[in-house]
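Notes follow once the structure below has been shown.
The values are calculated or read from the model by the stated rules, or taken from the named source; none is laboratory data. Source: prediction; values computed, not measured. Glycine gets a Cβ as well: all are built from the backbone with ideal geometry, and neighbour counts include every protein chain shown. Side chains are part of the model used for accessible areas, which takes the heavy atoms of the whole protein and leaves out ligands, DNA and RNA. Shrake-Rupley method; radii C 1.70, N 1.55, O 1.52, S 1.80 Å.
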Amino acid sequence: MRLIEGRHNAIVKDLRRAFDRGELTEDSCFAIEGSKILEEAIRSSLKIKAVFFSASAENKSERLLPQLGAHVETLLLPDKLFTTAVPSDSPQGVAALVRFKELSADEVLAKAAGGPLLVIAGVQDPGNLGTILRSAEAFGAGGVLLGEGTVSPFNPKVLRGSAGSVFRLPFARVKLDSALTSLKAQGSRLLATSSHKGKALPEADLTGSIAIFIGSEGAGLARELIAKMDELLAIPHSPTVESLNAGVAASIVMYEVARQRK
């Protein structure tokens, strides 16, 4: 491993910037933190640009280094420098820059091959989006389209909450108007969750080519989008609870989709 001690080192600055912005770097890398999620990235066949170890976690390299290709740069940072680059309340001493090629909406639709799609319209809480992506993979979604106002899928909390699903699930960031046009052109039925009205989820037909729209945590789906849906879905729940959060609602709907398709 190469020892780095200067906070202004170019690759350390890239790591810090990727964490701070929760976005891809100029050379299309995102940042992850922790041994488990790094192993998920390796298992998912993503290309790793560089792995960083803090001095106090150098022993973790014994397990991780054999899993890395020879082309991966491995770096050792003093603990103080590591904590300035990795914004974690409980640093695990391992971080990485991972290369990623974003897909287009057309590529996601092609990969979905008629499978159920999730369309996320303005989910801003990274924990909720991470949960949605994890459930989408668990229950067989063909892909996910992320509309305007949705938190970045490369936000560290989204990456952690998805437990690696973001590495494997086809997704694209889209303009919702354009996505609607593409979905209608391929014959998908457009469905949306609603906390106030709609067909009870167990009674809805969730087979065939469908796209399920999930709105923002506070306002839900915009009225102009609701007007374009083919059907609204209501998840039966106690009337004392006003609504379910976006992550829970999407997970329940995707479970029912998977159940009906078995």
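A few comments on the model shown:
- The stretch 1-144: relative contact order in percent, alpha carbon pairs under 8 Å with at least 6 residues between: 29
- Across Lys47/Lys184; Lys199/Lys228; Lys101/Lys175, pairs whose alpha-carbon gap is larger than 28 Å: Lys47/Lys184
- Dipole magnitude of the chain, debye to nearest 20 (Cβ charges: Lys/Arg +1, Asp/Glu -1, about Cα centre): 340
- Relative to its Kirkwood radius, the Cα radius of gyration of the stretch 88-174 gives an Rg/Rh of 0.98.
- Calculated FRET efficiency for the pair Ala258/Ala185, C-beta based, R₀ 35 Å, to 0.05: 0.85
- Centre-to-centre, using Cα atoms only, the stretch 3-61 and the stretch 204-262 are separated by 36 Å.
- Per-residue surface analysis assigns Glu62 an accessible area of about 150 Å², computed on protein heavy atoms at 1.4 Å probe radius.
- Rounded FRET efficiency, nearest 0.05, which uses the C-beta distance separating Glu203 from Lys175 and R0 of 35 Å: 0.60
- Accessible area per residue was computed with a 1.4 Å probe on protein heavy atoms; Asp230 scores about 90 Å².
- Along each principal axis, Cα extent of the stretch 16-69, largest first, Å: 30, 26, 16
- Overall Cα dimensions of the stretch 1-155, principal axis frame, Å, largest first: 49, 30, 27
- For the chain, alpha-carbon Rg over 2.2 N^0.38 Å: 1.10
- Compactness of the stretch 131-220 is given as radius of gyration and Dmax, 13.8, 37 Å, from Cα positions.
- GluC sites (Glu not before Pro) lying in DSSP loop within the stretch 76-172, provided at most 13 other Cβ fall within 10 Å: Glu102, Glu148
- Solvent-accessible area per residue for the chain (1.4 angstrom probe, square angstrom): 48
- Note on the stretch 68-207: dipole from Cβ charges, positive end direction compared against Leu109, Gly69, Leu201; the farthest Cα belongs to Leu201.
- Here, the stretch 187-261 is characterised by an Rg to Rh ratio of 0.93, where Rg is the alpha-carbon radius of gyration and Rh the Kirkwood radius.
- Under Karplus coefficients 6.51, -1.76 and 1.60, residue-wise ³J(HN,Hα) of the stretch 144-156 in Hz, glycine/proline x: 9, 10, 9, x, 4, x, 8, 4, 4, x, 9, 4, x
- Distance between modelled label sites at Ala234 and Gln67, nm, 7 Å Cα→Cβ extension: 4.7
- Two-site FRET efficiency, Thr83 against Arg43, from Cβ-Cβ distance with R₀ of 30 Å, rounded to 0.05: 0.65
- DSSP bridge analysis restricted to the chain gives an antiparallel fraction near 30%, rounded to the nearest 5.
- Fully extending the segment from Asp27 to Leu3 would add 6.4 nm, taking 0.36 nm per residue of separation and subtracting the current Cα-Cα distance.
- Here the stretch 74-225 is treated as an ellipsoid with the same Cα gyration tensor; its semi-axes, largest first and in whole Å, are 33, 17, 14.
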